[in-house]
């Protein structure tokens, strides 16, 4: 662990991930432009990155000490 840096809470990261993924689903469902796929995929991709961060934080905390 780095001195002076605490890992983010997995619950916070999970909440942020779900918000981004939800925005991606809304963008895919409700945007009417032909390019609605672009923001939908970007939003879902950012959400998956936050989800990966939450999983890494959980696995780091559950590791051997």
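Please treat every number below as a calculation from the coordinates, not as lab data. Small disclaimer: the values here were computed from a predicted structure and weren't measured. Virtual Cβ from ideal backbone geometry, glycine too; neighbours counted across all protein chains shown.
Contact annotation: residue pairs with Cβ atoms under 6 Å, 6 or more positions apart or on different chains, pairing a residue in segment 51-62 that is under 18 Å from residue 5 (Cβ atoms) with a partner that is assigned to a helix (DSSP H, G or I), are 53/13; 54/10; 54/13; 54/14; 57/10; 58/10. Among the residues of segment 13-42, those identified as within 15 Å of residue 58 (Cα to Cα) and in contact (Cβ under 8 Å) with a residue 24 or more places away in the chain are 13, 14, 17.
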